[in-house]
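Presented below is the structure to which this report refers.
FYI, it's all coordinate maths here, none of it is from the lab. Given the structure is predicted, the values throughout are model-derived calculations rather than measurements. FYI the Cβ positions are ideal-geometry reconstructions off the backbone, even for glycines, and counts take in every protein chain you see.
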Ligand SMILES: [Zn+2]
């Protein structure tokens, strides 16, 4: 009861401005309120289903539960598919049929979540808990919240009898956070006919960046770095620790890691990050805005670049980064190590390949005793990395961007859409690689300094969840009405 009452208040606030007649206003508010309650209910259900990569996790259970939601909402059985390469990791693909005037739009969201331990959290991570205006639970932000919003929007359109000008396909998938049965990759490779589209919208990143309680800009991700893991390994014959020798696998490895820590990959901008800094310079002020302008010059201003790169976030946008994330060495306290290993995780700028970076690592480590292998997502090691380069940023399609610009301006007066690159790597990599232009946004509002994705006490604000739900529904409707 409490849920729908709150949803109702938020809905009335949202729709009051746009309704002229009271009756129309009340009807719209009721539809919004019902959609908010449904979205929240589905989020609660999804949160309670453990979809981690562990033994306890099961994606299929979540996919089946959401398929049932669609059946209940009247979607015909032939437009709902639950399928995948593994019993535990099936994906949901659903379709709202349109007039066929345009090629379909594909919405993607992952159902799997990062591990969460009860003892680390203030609440049970696998229960949706409302506290102080926030919804707590693993995946609320990344990304069961956005999943529930996409589902609720699709259901609302269907229940209104809305006929879109293009099919709207929704794929809720497995293994974005890790695991070897990635759902999006599997779908584009094995069931292209189910997910083929003119372009893809992914909900896997929050868009409204809030700083000091005020929305700063609306982020539209149109480019991504490539993710690559490398294993560094030093082996030798070891020996008795009472007789140390010069060649110690641990020392050899850590000296190499020191050289890596001191190394910075070259500064580089692409079409999207260039536009990002151009627009950010209009929003930021003072030295920072001046620096953003100065790095756009040719050549970029050295000092501006240094100041900006001191911020790890800005550095990650303008550079390939590689960082040691795991270390493992030795086999006994009283033996010289025969083996020392480290994992180095790299986030590679578009236009560069993992193999290019592997060769650069070999140069930076500057010691033939350190072998550098590429580690695939299933853990297999190879002495060469993929030579495929990160996809070039797709053009910003007007049919996708114009309704977004309009709706953002109407929802948050003065707020601008800023296209950018994600420093992470998501399923957009797979759709982009398959030639499908992919844009990532979710209208949730988050303060980046309190971003709890993958961390403890992950949460989203209740008000933002409902606002995002209404926003996404309106966006989807506008997008597919023309
Ligand atoms: Zn995610």
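Some notes on this structure:
- Radius of gyration over Kirkwood radius for the stretch 130-183, both on Cα atoms: the Rg/Rh ratio is 1.09.
- Note on residue 296 and residue 122: their simple-model spin labels are 4.1 nm apart, each label 7 Å out from Cα toward Cβ.
- Pair-distance profile P(r), taking every C-alpha pair of the stretch 345-417, with 5 angstrom steps and integer %: 3, 13, 16, 14, 10, 7, 7, 9, 9, 7, 3, 1
- Acute angle (nearest 10 degrees) that the helix 249-262 long axis makes with the longest principal axis of the chain, alpha-carbon atoms: 50 degrees
- In a fully extended conformation the segment linking residue 24 and residue 402 would gain 133.4 nm over its present Cα-Cα distance, using 0.36 nm per residue.
- Degrees between helix 59-72 axis and first principal axis of the chain (Cα, 0 to 90, nearest 10): 10 degrees
- The alpha carbon radius of gyration of the stretch 254-379, expressed as a multiple of 2.2 N^0.38 Å, is 1.33.
- With coordinates expressed along the principal axes, the C-alpha atoms belonging to the chain extend over 87, 52, 45 Å, beginning with the largest.
- Enclosing the Cα atoms of the stretch 15-102 in their convex hull gives a volume equal to 159 cubic angstrom per residue.
- FRET efficiency estimate (nearest 0.05) - Cβ-Cβ, residue 160 to residue 381, R0 60 angstrom: 0.70
- The stretch between residue 481 and residue 289, if pulled fully straight at 0.36 nm per residue, gains 65.3 nm over its current Cα-Cα span.
- Antiparallel DSSP beta bridges within the chain, percent to nearest 5: 70 percent
- Tensor-based shape of the stretch 85-216 (alpha-carbon gyration tensor, a/c under 1.5 rounded, otherwise prolate or oblate): oblate
- Centre-to-centre, using Cα atoms only, the stretch 40-61 and the stretch 418-461 are separated by 20 Å.
- Based on Cα atoms of the stretch 192-344, Rg over Rh with Rh as the Kirkwood radius reads 1.15.
- For the stretch 264-285 versus the stretch 296-363, the inter-centroid distance based on Cα atoms is 20 Å.
- From least to most packed, judged by other beta carbons within 10 angstrom and beginning with the fewest, 143, 400 follow the order 400, 143.
- Exposure proxy order (Cβ contacts within 10 Å, fewest to most) of 355, 470, 264: 264, 355, 470
- For the stretch 112-229, the relative contact order comes to 17 percent (Cα pairs under 8 Å, sequence separation of at least 6).
- With Cα atoms, 0 to 90° folded angle of helix 144-159 axis to the chain main axis: 30 degrees
- Three-way shape label, the stretch 349-482, alpha-carbon gyration tensor, a/c 1.5: prolate
- The protection proxy used here, the mean number of other Cβ atoms lying within 10 Å of each residue, ranks peptides 347-353, 145-151, 109-115 as follows, highest first: 145-151, 109-115, 347-353.
- Report note on the peptides 159-165, 120-126: ranked by the mean count of other C-beta atoms within 10 Å, highest first, their order is 120-126, 159-165.
- For the stretch 329-380, the Kirkwood hydrodynamic radius from C-alpha pairs, put into Stokes-Einstein at 20 °C and a viscosity of 1.002 mPa s, yields a diffusion coefficient of 163 µm² per second.
- Ranking of 364, 446 by count of other Cβ atoms within 10 Å, fewest first: 364, 446
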